[in-house]
Amino acid sequence: MGASKVYDMKLLTITLRADFGGGPEHIYQLLKNYSPEIDSYIAAPEDYPYWELYEKILGQGKMIRLPHRKINFMRLISLAKFCKTNKISLIHSHGKGAGIYSRPLGLITGIPVVHTFHGLHTGKYGGVKKAVYIWIEKILSLFTKTVIAVSNGERENLLLAAIAPERKVKTIENGIEVPAVINRVNNPDEFRVLVVSRFDYAKNSSLLLPIAKAVYDSNISSKKIFFDIVGEGEDKELLMELLKKEGLISSFVFYGFLRDMSKVYAKASCILSTSRWEGMSLALMEAMSNGVPAVVSNVTGNNNVVSHNENGLLYNLENPEECARQIVLLAGNETLLNSLSEKARETAVSKFDAKIMTKKTEAVYKSVLSL
């Protein structure tokens, strides 16, 4: 038998989500693109589809189960044993819940911790709950070597909340697998608005109703406008009921979760975001990489990707009529639509390739470990 491989670093990634979503996909892209010197391990829930996808890359014996979006401090003992057994040299946590595990784990084991926020999600919190959460994050940052923000807007929010000192906060923009060739199959008689949503407070899917009403009231183009909805969530059924009451449901197509989005991107005329905030939306960047121009709320994360009238359009979150006007404008202006499509693709290729994201992330690891 030959000698076993000696790795420069043994990395444990922690996440409390492995279902459909930007965070699990972000981790998946990192795993696919890490250099051979990194020996990766994962702590995650046994969710579909990413648990299986992670396991295909890593193999058996390199993953440990955690509960889905729940904190169980007894699991810290199991994680500490896992780290010792596998001689983990660095921990990288992704998302709020994973960060609650990782920093105490780092304190217990003496292993340095890197943490990625994927959005500072405090928008639904009341004043007291928000203050407590920010205080907890400030304490945890004391045991964090580097905090990664996935957009400059997120970095500004972290610094504004004084969660960590500026020297600890590093921006590494989200990355995607950019297709080498794109396929556009637009129907000249249709304009299809793509929405990718979790149907929760942050994604603000209830705004789709006034936007759709305004679109159909003001549509002067010859095209029939449809909304293609991908995703699931707690607010989906309510939205569908309201659309039925307004007589709009026939113009909406609900796909549920989709692992392969290629056919949806191919026929999409634009992608719409109603989010109250974003870390940096992978669905938005994937759509743009497929030449789909964006109409998105002018909020943190979205406005770090989209420049108004250059590679997409921004609208005021409080003004659904403005959003509707932009959709109708694109439906009736082929020249503008094609221009934004080309610029969207160029932006994704030049800035948001997962290989770029992974290279920058590895540089953070090496800095933390002083390799």
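Just so you know, all these numbers are worked out from the coordinates, no wet-lab data involved. These numbers were taken from a predicted model, which means no experiment stands behind them. A quick note on method: Cβ atoms are made from the backbone with ideal geometry, for glycine too, and the neighbour counts reach across all protein chains shown.
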* Would you calculate, for the chain, the mean residue ellipticity at 222 nm contributed by helices, counting each DSSP H stretch of 4 or more residues as -39,500 (n - 2.57) and dividing by all residues, to the nearest 500? => -12500 deg cm²/dmol
* Could you list the residues of segment 186-208 with an amide nitrogen less than 16 Å from a label point located 7 Å from the Cα of TYR255 in the Cα-to-C-beta direction? => 186-187, 191-199
* To do: For segment 136-236, state which GluC sites (Glu not before Pro) are in a DSSP loop and have at most 11 other beta carbons lying within 10 Å of their beta carbon.
  => GLU234
* Asked: Among ILE42, ILE108, ILE176, whose mean-square fluctuation peaks in a Gaussian network model of the chain (Cα, cutoff 10 Å)?
  -> ILE108
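Taking the Cα centre of segment 190-351 as origin, sum charge times position over the Cβ atoms of Lys and Arg (+1) and Asp and Glu (-1), and report the length of that vector in debye to the nearest 20.
Working: 17 positive and 20 negative charges, 60 e Å.
For this selection, approximately 280 debye.
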* Projected label distance in nm at LYS224 and VAL349, using a 7 Å step from Cα toward the beta-carbon -> 3.4 nm
* Relative contact order of the chain: what whole-number percent is it, with Cα pairs under 8 angstrom and at least 6 residues apart? -> 16 percent
* Asked: If you wrap segment 190-351's Cα atoms in a convex hull and average its projection over all directions, what's the area in nm²?
  -> 8.3 nm²
* **Residue list for segment 248-282, given a label point 7 angstrom along the Cα-to-Cβ vector of ALA202 and an amide N cut-off under 19 Å** => 257-258, 272-282
* Asked: Nearest 20 debye, what's the magnitude of the dipole of the chain about its Cα centre given +1 on Lys and Arg Cβ and -1 on Asp and Glu Cβ?
  -> 1420 debye
* Taking +1 at the Cβ of each Lys and Arg and -1 at the Cβ of each Asp and Glu, which of LEU258, LEU272, MET288 sits farthest along the dipole of segment 245-323 towards its positive end, judged by Cα position relative to the Cα centre? -> LEU258
* Structure fact -> With 0.36 nm assigned to each residue of separation and the Cα-Cα distance removed, SER339 to GLN60 gains 95.7 nm
* Could you work out how far apart the two model spin labels at ALA363 and ILE71 are, taking each label as a point 7 Å from the Cα in the direction of the beta carbon, and quote it in nm? => 3.3 nm
* To do: State, as an integer percentage, the relative contact order of segment 1-93 based on alpha-carbon contacts under 8 Å between residues 6 or more apart.
  => 39 percent
* Taking square-rooted eigenvalues a ≥ b ≥ c of the alpha carbon gyration tensor, is segment 16-97 rounded, prolate or oblate, where a/c under 1.5 means rounded and, failing that, a/b exceeding b/c means prolate? -> oblate
* **segment 88-210: relative contact order in percent, alpha carbon pairs under 8 Å with at least 6 residues between** => 20 percent
* Cα-based helix-to-principal-axis angle, 75-85 vs the chain, degrees rounded to 10 -> 60 degrees
* Asked: Roughly what angle does helix 22-33 make with the longest principal axis of the chain, taking Cα atoms, 0 to 90 degrees, to the nearest 10?
  -> 60 degrees
* Asked: Given (i) 18.3; (ii) 22.6; (iii) 19.3, which label gives mean projected area of the Cα convex hull in nm² as computed from the coordinates?
  -> (iii)
